Amino acid sequence: MVLKKDIKKMRSAQPLYIRLYEHLRQFIDSEIGRKAGRLPTEMELCRMFGVSRNTVSQALSMLEEEQLICRIKHRGTFLTTSINEFDPQSIRRTIGVVFPDSSPWNSAIAAIRKGCRDLGYDFRLYTYVWDDRLDALAKIEQARKFSGGIILYPSYKCAKNEWMLLQSGGYPLVLFDLNFSGWDCNSVATDHYQGAYALTEALYNKGCRRFCLLTDSRKISSVKLRKNGFLQALEDLGIEHHPEDEWMELNMENFPEFLRNGRYDALLDTSKHLINNPFPGKNLYLARFDIATETEKECCKTVLALQHIPALGSNAINLMKTVMRSGAVPSRKILIAPEIQELF
């Protein structure tokens with residue numbers, strides 16, 4: 001197939017850029033195109049077909065969206081079938097990182113960025129609005145078009161099967177801060193279950209025997225795992241737990257009244273329930289993940305399970321390297337135990 005052709009004389013009612021796109025697509029699929037391995041520059045295509053640069057740019061953008069070509073700065077436009085995967089400027093050497101725009105994971109993103117640089121991968125960050133499911137899916141799709149693999153922090157509003165399709169189709173995918181039992185997926189996450197278990201043991205060793213569990217109705221895997229860890233630790237320690245020992249409301253205004261009878265000496269928090277009222281005459285302990293406010297430290301003796309966020313990021317990029325180079329999906333899960341820290 002000869003590349004040069006007067007597309008203006010083609011019998012078609014379609015716009016010029018569509019005609020050019022179709023002609024270039026046929027060239028890419030031809031034996032001559034595969035041997036060439038690349039397309040002429042935009043200016044050369046303008047002269048060859050007698051069209052404007054805008055027409056050429058639109059046609060190339062359509063080919064790029066289908067991942068038929070890869071435009072590499074200062075080097076040219078290459079057919080993706082001819083790109084050497086070890087070429088540091090290949091699309092298959094680009095890692096897309098999709099995170100919520102309001103997440104507190106800056107140190108994890110920095111670790112992923114550094115890992116990409118150290119391993120010779122290009123780093124591209126895509127952020128989405130946490131509560132906007134459509135925005136999250138759009139950013140995932142955008143990252144997929146321009147990246148050889150994705151490290152994804154999925155919104156809890158995205159159904160699991162919507163991004164499960166990425167990995168089921170063989171696309172390199174690593175989930176960040178999520179660990180699902182019963183589903184084969186590549187993931188790097190904090191061991192929330194073990195962290196909650198260790199927090200309960202720490203409070204037991206401090207003499208606590210009456211535990212109140214602060215639960216969360218949101219369907220988030222970390223919350224579920226923490227709850228299971230707390231409950232398992234109580235069972236193993238021989239402490240009976242009853243439904244009335246759980247506080248499920250997110251509104252904490254009535255919480256002091258709930259605790260007034262002095263039944264509990266320790267609070268096990270699955271999420272981040274705000275505690276801003278002191279409890280006179282009580283010597284309460286609080287166990288939770290990551291953070292406690294100054295007011296909470298004054299109200300309660302606090303024990304935290306601190307997540308190793310930079311370690312999560314560096315493990316995520318190393319797992320992605322394994323996934324991309326293996327030619328298969330290993331469905332590997334990496335769990336990182338948090339550090340228990342007492343703040344009193």
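Once C-alpha pairs closer than 8 Å and six or more residues apart are averaged by separation and normalised to the residue number of the stretch 191-239, the relative contact order reads 63 percent. When SER221, SER107 are compared by accessible area at a 1.4 angstrom probe, the order from most to least is SER107, SER221.
Per-residue Karplus couplings for the stretch 228-244, computed as 6.51 cos²θ - 1.76 cosθ + 1.60 with θ equal to phi - 60°, are listed in order as 4, x, 4, 5, 5, 5, 4, 5, 5, 8, x, 9, 6, 10, 10, x, 6 Hz, Gly and Pro entered as x.
Of all aspartates and glutamates in the structure, the ones whose alpha carbon falls short of 13 Å from that of LYS227, not counting any fewer than 8 places away in one chain, are ASP191, ASP216, GLU235, ASP245, GLU246, ASP269. Extension gain, ILE340 to ARG263, is 25.2 nm, computed as 0.36 nm per intervening residue step minus the present C-alpha separation.
Modelled this way, with points 7 Å down the Cα-to-C-beta line, the labels at LYS219 and ALA138 are 2.5 nm from one another.
Once the Cβ-Cβ distance of GLU31 and LEU119 is raised to the sixth power relative to R0 = 41 Å, the FRET efficiency obtained is 0.70. On the beta carbon distance between ILE18 and ASP101, with R0 = 25 Å, the FRET formula returns roughly 0.10. Taking amide H as placed 1.01 Å from N in the peptide plane, the amide H of ILE69 sits under 5 Å from that of GLU64, THR80, each at least 5 places away or on another chain. Residues TYR193, TYR171 ordered from highest to lowest accessible area at a 1.4 Å probe: TYR193, TYR171. Of the listed residues MET320, MET62, the order by accessible area with a 1.4 Å probe, largest first, is MET62, MET320. Ligands, DNA and RNA aside, ARG113 has an accessible area near 110 Å² when probed at 1.4 Å. Segment GLU240..ASP290, full-extension length gain: 15.3 nm, with 0.36 nm per residue of separation and the alpha-carbon distance subtracted. Of the cross-linked pairs LYS139/LYS219; LYS301/LYS333; LYS114/LYS333; LYS145/LYS333, those separated by over 27 Å at the C-alpha level are LYS301/LYS333.
The values are calculated or read from the model by the stated rules, or taken from the named source; none is laboratory data. Bear in mind the structure is a predicted one, so any value in this text is a computation, not a measurement. For neighbour counting, all protein chains shown are included, and Cβ atoms are generated from backbone atoms with ideal geometry for every residue, glycine included. Accessible surface is based on the protein model in full, side chains and every heavy atom, while ligands, DNA and RNA are left aside. Shrake-Rupley method; radii C 1.70, N 1.55, O 1.52, S 1.80 Å.
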